[in-house]
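Since the structure comes first, as C-alpha cells, the remarks are kept for the end.
The values are calculated or read from the model by the stated rules, or taken from the named source; none is laboratory data. On a predicted model such as this, the values are computed, not experimentally measured, just so you know. Heads up, the Cβs are rebuilt from the backbone with ideal geometry, glycines too, and the neighbour counts pull from every protein chain shown. Heads up: the accessible areas ignore ligands, DNA and RNA and are worked out on the full protein's heavy atoms, side chains in. Shrake-Rupley method; radii C 1.70, N 1.55, O 1.52, S 1.80 Å.
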Amino acid sequence: AAAPVSAGEFWLPREPGAPAPHFEVEADRANRCYRVDAVGFGDETVSFTYEYPNADAGDARGVDSVVSADGHRRLRFPEFPGGAAKPFAIRATAHARGLGDFSTNLVVTPNPAPIGKPFPNSEVKVGMSVDVNDPRLHYEAITNDIANMLVCGGFDTPTLDLDAYTPEMREKIRRDRIAMMTIYAAGREPQALLDKFKSQYGDLYLGNNIGEYCGYLYQTKAEALAASVPQDHDVLQAKERFVEKWMHEGAQGMLEGRPFLITTSGSPLANYEMQGGADYVCTELYAVGSANLAYATSEARGAARRWKPAYWMGWLAEEWQTLCVPYGVPQKQALLKAGFLQEWLMGTSVMVLESGPLGTRAEQYTAPDPGETETPPQGYDGPMARAYRKTVKDFHDFLKAHPRPSEGPATDIAFALGNGDSYVGMYVDWFAVWGLHEKAETNANYRYGAPEFTWLRVQDTFFPRAADAVAPYPNAWLGGSPYGQCDVVGVDENSRLSDLSPYSLVAFAGWNSMTRQARAVLAKYAAGGGTLAICVPHFSTRADREYRDYGPADLAPLVGGARVTGGPVAVSGAPVAAAP
C-alpha cells in the first residue's frame with residue numbers, strides 16, 4: 001500500500017495533540033481500487049468532495065467527482081494506456097461549516113508489484129483436499145500422479161512432515177509443477193510449517209484459502225448476527241459494509257504474509273469479494289446458491305474479467321452437496337467428472353475436489369445405495385475413496401492430453417449484477433438480502449421477492465438444468481448453455497465502458513440502485529452499438545428495497561431519451577408465470 005499522503009495542515013479547531021487534518025491514500029494489492037480517507041477533521045467538516053480521473057464520466061476533461069459524508073471513499077483505478085499503472089492525481093476538498101472549503105491535490109501511487117496470475121490460464125490445476133493429520137493421500141498423490149495440486153486442511157494438530165519428502169518427490173513437484181494451497185489455516189498454521197510449505201513448493205505455493213468466510217450471505221439470522229452484520233442498513237450500506245469492513249479489513253487480516261488471498265463461498269458474489277480485496281475466488285460449486293455450476297462459474301468469470309486478473313477457481317464440494325445420489329451408483333462419479341469437464345470448458349484454472357479421496361465424510365447425510373437401508377462410512381481404502389481418487393486422476397490425465405488455450409472462452413452475452421444486488425444464485429423465500437434478517441422481519445421487501453425471481457427466469461433460460469441429466473435422481477447442478485456461454489458482470493458506480501464493450505448484449509435482472517456513473521456507461525454502451533436489455537425498475541435510485549410502489553421521481557433518466565410519467569409504478573412482489 002502507498003504511504004499516507006499528507007494534505008497539509010488545514011486551519012480547523014481541534015483538541016490539543018489531535019492529528020493535523022490530512023488525507024490518506026491506499027492502493028490495493030491488485031491496483032483495482034484505492035481508498036481515500038480524511039483523518040483528523042472535526043465535526044465542523046460536513047462533507048468531502050473527491051475529483052478523480054474517469055474517462056467514462058461524460059466530462060470533457062475525463063474527470064468525475066463524488067461526495068462523501070464521512071471522508072471515506074473507495075474508488076477504482078483509471079485505465080492506463082498500455083496497461084501499466086502510473087501515479088496520478090486526485091483533488092480532495094473538505095467542506096467545513098462556517099469556515100469555507102479547503103482543497104488539496106493528492107497523488108495516488110499504484111502498488112509497484114501488483115498481484116498477477118499464479119499460473120498461466122493454460123496451466124490448469126486439478127487438486128484434492130488432503131489432511132495434515134493423515135499424510136497418506138498427500139504423499140500418494142505426488143508419487144502416483146493423481147493430481148497436480150494439493151489443498152491442506154486440518155491444522156488443529158498437524159502431523160504432516162514435509163521433511164519426509166524424498167528427493168524423487170521433490171523433483172516430481174518441480175518437474176510436474178504440483179501446487180500447494182492451505183485452507184482454514186489463518187491463525188492456526190504453525191509458522192514452522194508455513195515456512196516449510198514455502199521452502200518445499202516455492203512459487204507453487206499459493207497460500208491460504210479462507211474458506212466460507214462470506215457464508216452469512218445465504219445463511220440464517222444466527223450466522224448474520226455472529227458476523228456482526230448491522231441490521232439497520234439499506235442495500236447500498238450493506239454492500240459498502242461487505243466490501244470495506246468484511247472483505248478489505250476483515251479478510252485482508254488473514255493474509256498474514258502469504259502470497260495470495262483466496263476465498264471459497266457457496267454464494268456466487270465474486271464481484272463484491274474481488275472488489276473488497278480477494279485476490280481470487282474459488283467458488284464452492286454444487287453448493288447452496290452455487291449449485292448450478294454454469295451460472296456460478298459465469299459469475300466468477302465475469303467478476304475476474306472485470307476486476308483483473310482474469311483468473312478464477314472452482315471448489316467442487318460434490319460429495320457433500322449431491323446427498324440424494326448414493327455413493328454406489330454410476331451417477332455419483334459421473335457428476336464429478338461432468339463438473340470437472342464443465343469447469344474446464346468454462347475456463348476455470350483451478351479445480352479442487354473438497355472431500356471423498358481420503359474416505360467419505362458425508363455418509364450420515366447421503367442416501368443409501370439401492371437395496372440398502374443405511375450408508376456406512378468408508379475409509380481410505382474403501383471403494384468410494386478409491387473411486388474418487390480414480391476420477392481425479394482420470395481428469396488429471398485428460399488435462400495432460402488436452403492442452404487448453406491461454407485465454408478463457410469468448411462470451412457474447414453478459415447479465416448485469418446490479419448495484420446493491422446480493423442474489424446468491426438460488427431463490428429461497430426466507431432468504432434476506434445481505435443478511436438483513438431483522439429488517440426483513442418488519443419489511444417484506446428485504447426478503448427475496450420479485451427482483452430475485454427474475455434471476456430464476458434468467459437461469460431457466462440461459463443456464464437451464466436438464467431434469468433427466470442424472471435420472472432417476474434430480475439434477476440441481478449441471479446447467480446448459482443453449483445461447484452460448486454468458487458472463488455475469490457487476491454494474492455500479494465503478495463501472496466503465498471497457499467492462500461491457502466485449503459483449504454484444506448486456507441484460508439486467510434482479511435488483512439495481514442506479515447511479516449517475518452507471519447510467520452514463522450504459523448510455524455509452526448502447527450508443528456504441530451494444531444491445532441493452534433493461535426494465536424501468538432498474539432505473540430506480542432508491543436503496544431501501546421499495547419496489548412495490550414508487551414513482552417517476554425515484555428514477556434516474558432512462559437510456560435513450562425515454563421518460564416515465566404519471567403516477568406510481570406498481571411492481572408485484574409475487575412470482576409470475578414465465579413469458580411465452
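Restricting the chymotrypsin sites (Phe, Trp or Tyr not before Pro) of the range 455-500 to loop positions (DSSP other than H, G, I, E, B) with no more than 15 neighbouring Cβ atoms within 10 Å leaves Tyr483.
Computed as a quarter of the hull surface, the mean projected area of the alpha carbon convex hull for the range 305-453 stands at 12.6 nm². Taking every DSSP beta bridge that has both ends in the chain, the antiparallel portion is near 45%.
Pairs of Cα atoms nearer than 8 Å and 6+ residues apart set the relative contact order; for the range 268-398 it is 22 percent. Ligands, DNA and RNA are left out, and with a 1.4 angstrom probe the accessible area of the range 285-364 is 21 Å² per residue. Think of it as helices only: each DSSP H run of n ≥ 4 in the chain is worth -39500 (n - 2.57), and spread over all residues that comes to -7000 deg cm²/dmol at 222 nm. Computing FRET efficiency as 1/(1 + (r/R0)^6) for Ala18 and Ala444, where r is the C-beta to C-beta distance and R0 is 45 Å, gives about 0.45. Here the label points at Asp394 and Tyr483, each 7 Å from Cα along the C-beta direction, are separated by 3.4 nm in the simple model.
Normalised by 2.2 N^0.38 Å, where N counts its residues, the alpha-carbon radius of gyration of the range 170-327 equals 1.11. Compared with the direct C-alpha span, the chain from Leu323 to Thr220 gains 35.0 nm at full extension, assuming 0.36 nm per residue. Accessible surface area normalised per residue over the range 16-100 is 45 Å², counting heavy atoms of protein chains with a 1.4 Å rolling probe.
In plain terms, the bigger the Kirkwood radius, the slower the diffusion; for the range 412-457, with that radius from Cα pairs, at 10 °C and 1.306 mPa s, Stokes-Einstein puts D at 141 µm²/s. Annotation note: trypsin sites (Lys or Arg not before Pro) in the range 59-159 located in DSSP loop regions with a Cβ neighbour count of at most 13 within 10 Å are Arg61, Arg97. Under 18 Å from a point 7 Å along the Cα-to-Cβ line of Asn144: which residues of the range 349-363 have their amide N that close? From the range 349-363, the list is 353-361. Look at the dipole of the range 42-144 built from charges on Cβ: of Phe48, Asn133, Phe88, the Cα furthest out on the positive end belongs to Phe88.
Between Asp59 and Ser122, the C-beta separation translates, for a Förster distance of 35 Å, into a calculated FRET efficiency of about 0.30. Taking the Cα centre of the range 287-398 as reference, the dipole from Cβ charges on Lys and Arg (+1) and Asp and Glu (-1) amounts to some 620 debye.
Leu99 contributes an accessible area of around 60 Å² to the protein surface, as traced by a 1.4 Å probe with all chains present. Surface composition of the range 79-180: carbon plus sulfur atoms contribute 53% of the solvent-accessible area (1.4 Å probe, protein chains only, all chains present). What number comes out for the charge environment of Phe539, summing +1 per Lys or Arg and -1 per Asp or Glu over other residues with Cβ under 13 Å away? After counting each charged neighbour, the total is +3. The label-point distance for Glu240 and Arg29, in a model that sets each label 7 Å from Cα toward Cβ, rounds to 2.6 nm.
This model, with +1 at the C-beta of Lys and Arg and -1 at the C-beta of Asp and Glu, gives the range 436-576 a dipole about its Cα centre of some 340 debye. Between Val107 and Val67, the contour length at 0.36 nm per residue exceeds the Cα-Cα span by 12.5 nm.
Counted residue by residue at 0.36 nm each, then reduced by the alpha carbon distance between them, the extension gain from Asp134 to Ala466 reaches 115.6 nm. Legend: translational diffusion of the range 70-197 by Stokes-Einstein, Rh = Kirkwood radius over C-alpha pairs, 10 °C, 1.306 mPa s; D = 83 µm²/s.
How far is the Cα center of the range 77-112 from the Cα center of the range 311-329, in Å? If we compute the Cα centre of each part, the gap is 47 Å.
Calculated FRET efficiency, Trp430 to Arg174, Cβ-Cβ distance, R0 = 45 Å: about 0.35 to the nearest 0.05. Summarised as an ellipsoid, the chain has semi-axes of 41, 30, 22 Å, derived from the eigenvalues of the Cα gyration tensor scaled by 5 and square-rooted, with the largest first.
Neighbours of Asn292 by Cβ distance under 12 Å: Lys/Arg scored +1, Asp/Glu scored -1, total -1. Answer with one residue from Cys486, Pro472, Ser501: the one whose Cα lies farthest towards the positive end of the charge dipole of the range 457-506, charges on Cβ with Lys, Arg +1 and Asp, Glu -1. Looking along the dipole axis, the top candidate is Pro472.
Taking Cα centre as origin and charging only the Cβ of basic (Lys, Arg, +1) and acidic (Asp, Glu, -1) residues, the dipole magnitude of the chain rounds to 1340 debye.
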